[in-house]
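A.B. asks: Let me give you the structure first, and then I'll get to my questions.
The values are calculated or read from the model by the stated rules, or taken from the named source; none is laboratory data. Keep in mind the model is a prediction, meaning the values are calculated, not measured. With ideal geometry, Cβ positions are generated from the backbone for all residues, glycine too; neighbour counts draw on all protein chains shown.
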Amino acid sequence: MSTAAHARLEPVAVGAASMATAPAGPWTLAWRRFRRHHLALAGIAVITILATASILANVVSPYHPTKTNLLEMLDAPTAAHPMGTDELGRDLMARILHGGRVSLAVGVLAVALAVTIGSTVGAIAGYRGGWVDNLLMRLVDFMIALPSIFVLILLATIYGTSPVTLILVIGGLRWMGTARQVRGAFLALREREFIEAARCLGASPARIILRHLLPNAVGPIIVAATLGISGAILTESSLSYLGLGIQPPVASWGNMLRNAQDQMTRAPWTAIFPGLMIFLTVLAVNYVGDGLRDALDPRKVGTD
């Protein structure tokens, strides 16, 4: 091949080589780190299976969750009833799947509310600083000092025990950790050069927060939200177990455990299966949260 031909091909080869060695983006690196966390991947699989089965409860189980059959009270697990029946002859698997809808929905929506409140408070405190920061952080300290379980019981007693009330109450008492994390991230970022450049270009505070600061603080928010779901599910289950959460005949994993406490010696499956669902869900969510925390850790940037 002639020298001219080599000269014509050389830029193409160099361009291809530069494309092949182009650095991966931060989210690509985070995904590479996350997929090496095998327990987190297993957690995603468990959550996906439980959520899908709960959503498709009417397809997975042919029984209605509130239909009673006094001829089949406390039947052990069989082919007809894979998880057995409860004290009223209701199919336990149908109630667990429908209860999963309630418990998972309350957990996810309560955390979504908590993250929204916490991100807003933390963003304002971290960006404004000064007396605004001091005032909002004293509010956070006050909320943390409240005995949350007693406040939850009091509010649930006053305002009722509907799922909407539980979402508002749990979400309203779980935003403080997110607020502190977002505030810390904003304090570290607000004096960086790209923020100063945005200010010099005339960007409004809202634009700086939403377009520049918040995307760089999304890692701690995602981790806090994921780990908060397990806490919210446990809180809902605890309140329902105490009779202050979801009320029968609507099924939730917590009130199923409450109903099972009188039959644990005669029919242990009535307590084993709801407890197992809570255990698996909380464990899976925590594993996913651990994987996300490791994947989004800024100290690990450049280790891939």
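A.B. asks: Starting from the stretch 156-172, keep only residues that are farther than 13 Å from residue 235 by Cα and at pLDDT below 85, then list their pairs with residues that are of a type in the set (Val, Ile, Thr) and assigned to a helix (DSSP H, G or I) whose Cβ atoms are within a distance under 6 Å, requiring at least 6 positions of separation or different chains.
C.D. replies: Note: pairs meeting the criteria are 159/165.
A.B. asks: Looking at the structure I just gave you, is residue 245 in a loop (DSSP other than H, G, I, E, B) and within 22 Å of the chain's Cα centre (by Cα)?
C.D. replies: Details: in a loop (DSSP other than H, G, I, E, B): yes; within 22 Å of the chain's Cα centre (by Cα): yes.
For residue 245, the condition - in a loop (DSSP other than H, G, I, E, B) and within 22 Å of the chain's Cα centre (by Cα) - is met.
A.B. asks: Follow-up question, since we're still on this one. Mind telling me which of the residues 276, 296 ends up being touching a residue at least 12 places away in the same chain (Cβ under 8 Å) and more than 26 Å from residue 158 (Cβ to Cβ)? Steps first, please.
C.D. replies: On the way: 276 fails: touching a residue at least 12 places away in the same chain (Cβ under 8 Å).
So the residue among 276, 296 that is touching a residue at least 12 places away in the same chain (Cβ under 8 Å) and more than 26 Å from residue 158 (Cβ to Cβ) is 296.
A.B. asks: Does residue 75 satisfy being of a type outside the set (Val, Ile, Thr), modelled with pLDDT under 90 and in contact with a Ser or Thr (Cβ under 8 Å, 6 or more places away or on another chain)? Can you show your working first?
C.D. replies: Details: of a type outside the set (Val, Ile, Thr): yes; modelled with pLDDT under 90: yes; in contact with a Ser or Thr (Cβ under 8 Å, 6 or more places away or on another chain): yes.
So residue 75 passes the test.
A.B. asks: Condition (residue is surrounded by fewer than 17 Cβ atoms within 10 Å (Cβ to Cβ) and modelled with pLDDT under 90) applied to the stretch 112-128: is it met by at least one residue?
C.D. replies: Within the stretch 112-128, one or more residues are surrounded by fewer than 17 Cβ atoms within 10 Å (Cβ to Cβ) and modelled with pLDDT under 90.
A.B. asks: If a residue has to be in a helix (DSSP H, G or I), over 18 Å from residue 249 (Cβ atoms) and either touching a residue at least 24 places away in the same chain (Cβ under 8 Å) or touching a Pro at 6+ places or on another chain (Cβ under 7 Å) (or both) to count, how many in the stretch 48-94 make the cut?
C.D. replies: Kept after step one, since they are in a helix (DSSP H, G or I), are these residues of the stretch 48-94: 48-55, 57-60, 70-72, 92-94.
Keeping just the survivors that are over 18 Å from residue 249 (Cβ atoms) gives 48-53, 55, 59-60, 71.
Cutting the leftovers down to either touching a residue at least 24 places away in the same chain (Cβ under 8 Å) or touching a Pro at 6+ places or on another chain (Cβ under 7 Å) (or both) gives us 50-51, 53, 55, 60.
So the count comes out to 5.
A.B. asks: Now, a different point. Looking only at residues that are assigned to a helix (DSSP H, G or I) and basic (Lys, Arg) in the stretch 148-189, which one is surrounded by the most Cβ atoms within 10 Å (Cβ to Cβ)?
C.D. replies: Pass one, the stretch 148-189, residues assigned to a helix (DSSP H, G or I): 148-159, 163-172, 176-189.
If we keep only those that are basic (Lys, Arg) as well, we get 180, 183.
Details: 180: 21, 183: 25.
Out of the qualifying residues, it is 183.
A.B. asks: A further question follows. Restricting attention to the stretch 175-194, does a residue exist that is under 30 Å from residue 273 (Cα atoms) and either of a type in the set (A, V, I, L, M, F, W, C) or in contact (Cβ under 8 Å) with a residue 24 or more places away in the chain (or both)?
C.D. replies: Of all residues in the stretch 175-194, those under 30 Å from residue 273 (Cα atoms) come to none.
For the stretch 175-194, residues under 30 Å from residue 273 (Cα atoms) and either of a type in the set (A, V, I, L, M, F, W, C) or in contact (Cβ under 8 Å) with a residue 24 or more places away in the chain (or both): absent.
A.B. asks: Oh, and also: Give 239, 234, 210 a once-over and let me know the one that is under 30 Å from residue 292 (Cα atoms) and modelled with pLDDT under 85.
C.D. replies: None of the other options fit; the residue is 210.
A.B. asks: Related question: Scanning for something in a helix (DSSP H, G or I), more than 20 Å from the chain's Cα centre (by Cα) and at pLDDT 85 or above, does the stretch 280-301 turn up at least one residue? First the steps, then the outcome.
C.D. replies: So the first thing to find is which residues in the stretch 280-301 are in a helix (DSSP H, G or I), and the list is 280-295, 298-300.
Adding the requirement that they be more than 20 Å from the chain's Cα centre (by Cα) leaves 298-300.
Among the residues that remain, those that are also at pLDDT 85 or above are: none.
No, the stretch 280-301 contains no residue that is in a helix (DSSP H, G or I), more than 20 Å from the chain's Cα centre (by Cα) and at pLDDT 85 or above.
A.B. asks: From 118, 130, 126, 122, grab the single residue that is touching a helix residue (DSSP H, G or I) at 6+ places or on another chain (Cβ under 7 Å) and more than 22 Å from residue 168 (Cβ to Cβ). Lay out the reasoning, then the answer.
C.D. replies: Values: 118 fails: more than 22 Å from residue 168 (Cβ to Cβ); 130 fails: touching a helix residue (DSSP H, G or I) at 6+ places or on another chain (Cβ under 7 Å); 122 fails: more than 22 Å from residue 168 (Cβ to Cβ).
Matching residue, one of 118, 130, 126, 122: 126.
A.B. asks: Of 140, 108, which residue is over 30 Å from residue 51 (Cβ atoms), of a type in the set (A, V, I, L, M) and surrounded by 14 or more Cβ atoms within 10 Å (Cβ to Cβ)?
C.D. replies: Values: 108 fails: over 30 Å from residue 51 (Cβ atoms).
One residue alone meets the criteria, 140.
A.B. asks: Test of understanding: among 251, 267, which residue is crowded, with 18+ Cβ neighbours inside 10 Å, at pLDDT 85 or above, assigned to a loop (DSSP other than H, G, I, E, B) and touching a helix residue (DSSP H, G or I) at 6+ places or on another chain (Cβ under 6 Å)? Write out each step before concluding.
C.D. replies: Working: 267 fails: touching a helix residue (DSSP H, G or I) at 6+ places or on another chain (Cβ under 6 Å).
Of the residues listed, the single one that is crowded, with 18+ Cβ neighbours inside 10 Å, at pLDDT 85 or above, assigned to a loop (DSSP other than H, G, I, E, B) and touching a helix residue (DSSP H, G or I) at 6+ places or on another chain (Cβ under 6 Å) is 251.
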